[in-house]
Amino acid sequence: MTRAPRPDRPADRQPPDEARAEELRDWTDGHVERWRPVLPHLDPDIEGAVTRMSKLSRHLGRVREQGVADYGLQKHEFDTLHELAGRGGHAAPSELRNDLNLAPASVTGRLEGLERRGFVVRTPSTEDRRRVDVRLTETGRAAWREALDVVGREERRLLGVLTPDERRRLSDLLRRVLLAAEAPAPDRPGRPERPGRSTAAGGHGH
């Protein structure tokens, strides 16, 4: 596809980043090309961005699951330790319940299992003896960090192909997209989506 030259740049030259992007192809490029003739109104940039974000999210999810398993943790155990660590290593069961969006009995079962493994301890609150404080043990913190480091290394490997400025720009752009996602949805009449929107093509790399 021919690009219109920018006024401040000779017509026969492209920015290095753009030229490099045109030389490289990934699975999503083929996905978009396959769907464009089927859905003429498909926006290739929207479809490409949504599909790549989805594939990247699933990839990191698989890496996390494998990393968790490699260090002898189940996903629900890691998630609970992660939320507890995020609260400074101690929290009330009700706080963890809200963080994990679980029923009280489910949180209790998780904490009992983690306590048997020596990852957490539950003690009466120093402020209210009717309450329980959950604390992360050194063993629990070590298990959480080891599993977390697997994901961190993969994140650094993937985003390491970008310069620091590019990573900052990517983060800023994604912030703008997520602010739109987090905003209240505008009221609109309920009707089927128009053909040709990116979600109709899969939008998730299927």
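Data table
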quantity	calculated
Candidate set from the range 26-42 (those that are in a loop (DSSP other than H, G, I, E, B) and surrounded by fewer than 16 Cβ atoms within 10 Å (Cβ to Cβ)); member that is nearest to the chain's Cα centre (by Cα)	ASP26
Unique match (being modelled with pLDDT of 90 or more and not hydrophobic (A, V, I, L, M, F, W, C)) among ARG36, ARG116, ARG52	ARG116
Residue check for ALA4: among the hydrophobic types (A, V, I, L, M, F, W, C) and modelled with pLDDT under 85	yes
Helices (runs of 4 or more DSSP H) fully within the range 88-193 counting 3 or more residues that are open to solvent by 70 Å² or more (accessible area, probe 1.4 Å) and either hydrophobic (A, V, I, L, M, F, W, C) or under 23 Å from GLY61 (Cα atoms) (or both)	138-159, 164-182
Total residues in the range 65-85, condition part of a helix (DSSP H, G or I) and closer than 22 Å to ASN98 by Cα	11
Test: residue in the range 94-103 that is out of contact with any Pro (no Cβ under 6 Å at 6 or more places or on another chain) and in contact (Cβ under 8 Å) with a residue 24 or more places away in the chain	yes
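Conditions tested, residue by residue: (1) under 30 Å from ARG156 (Cα atoms); (2) at pLDDT below 85.
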| position | (1), (2) |
| --- | --- |
| ASP8 | no, yes |
| GLU18 | yes, yes |
| ARG25 | yes, no |
| HIS31 | yes, yes |
| LEU42 | no, yes |
| VAL63 | yes, no |
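The values are calculated or read from the model by the stated rules, or taken from the named source; none is laboratory data. Treat the numbers as computed from the prediction; the structure is a model and nothing was measured. Positions of Cβ are generated from backbone atoms using ideal geometry, with glycine treated the same way; all protein chains shown enter the neighbour counts. Please note that ligands, DNA and RNA were not included when accessible areas were found on the heavy atoms of the full protein model with its side chains. Shrake-Rupley method; radii C 1.70, N 1.55, O 1.52, S 1.80 Å.
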